[in-house]
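Below you'll find the structure, written out as structure tokens, and then a few comments.
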Amino acid sequence: MNNKVAIMLLLSVFLLLAGCSGNNALNTMGIEINSITSSIGAVGENTNDFETQSFKYIMTLTNNDASDIKIVSVEPVLSQEFQDRVSDRDTVIHVNKTVIKGSSLDVSGEIVFDAKGLTKEQIISMEPFIKEIRIIEERIINKSF
């Protein structure tokens, strides 16, 4: 009787693990953000203006899907503390480019924010500036009816 219980438990654990590993395969399809690099600095060439700063970023989007995907737009969703200091609330980047399966595309943006009264340490303490990324994509699915 104990052997049957042990076998049933092992079988249940095996099925649970097999189900979880199947879900991981679904997460690798579509667009993936491979890397994001960012910097903070002066706006334009006026390096003496410390009250207005620029947060620049570049992200690499890779298409892991079996078909081509058109990236319509990319929108960084900002943390609330950072969003409160951003002068232009429209952070949507209109891309309108197709990423061929297996290839990558770099998308860059700049967000100007009010740093008046903040030290470097206080600016850094607002990180992460971007808490998530919204990607609007368009796919064509060829299906005969």
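The values are calculated or read from the model by the stated rules, or taken from the named source; none is laboratory data. For clarity, every value in this text was computed on a predicted model and none was experimentally measured. Note that we place each Cβ from the backbone using ideal geometry, even for glycine, and neighbour counts take in every protein chain shown.
Screening Ser39 against (1) at pLDDT below 95; (2) in a strand (DSSP E or B); (3) within 30 Å of Glu138 (Cβ to Cβ) leaves a single unmet condition, (3).
Scan the stretch 44-64 residue by residue and report those that are free of Cβ contacts under 8 Å to residues at least 40 places away in the same chain and surrounded by 11 or more Cβ atoms within 10 Å (Cβ to Cβ). Write out each step before concluding.
From the stretch 44-64, those free of Cβ contacts under 8 Å to residues at least 40 places away in the same chain are 44-49, 64; that's our starting set.
Within the stretch 44-64, Asp49, Asn64 qualify.
The one condition from (1) within 15 Å of Glu32 (Cβ to Cβ); (2) in contact (Cβ under 8 Å) with a residue 40 or more places away in the chain; (3) not acidic (Asp, Glu) that Lys70 does not meet is (1). Inspect the stretch 72-87 for any residue being surrounded by 13 or more Cβ atoms within 10 Å (Cβ to Cβ), modelled with pLDDT under 95 and part of a loop (DSSP other than H, G, I, E, B) and give the result as yes or no. Within the stretch 72-87, one or more residues are surrounded by 13 or more Cβ atoms within 10 Å (Cβ to Cβ), modelled with pLDDT under 95 and part of a loop (DSSP other than H, G, I, E, B).
Here Glu132 fulfils each of the conditions (1) in contact (Cβ under 8 Å) with a residue 40 or more places away in the chain; (2) closer than 18 Å to Met29 by Cβ; (3) surrounded by fewer than 16 Cβ atoms within 10 Å (Cβ to Cβ) apart from (2).
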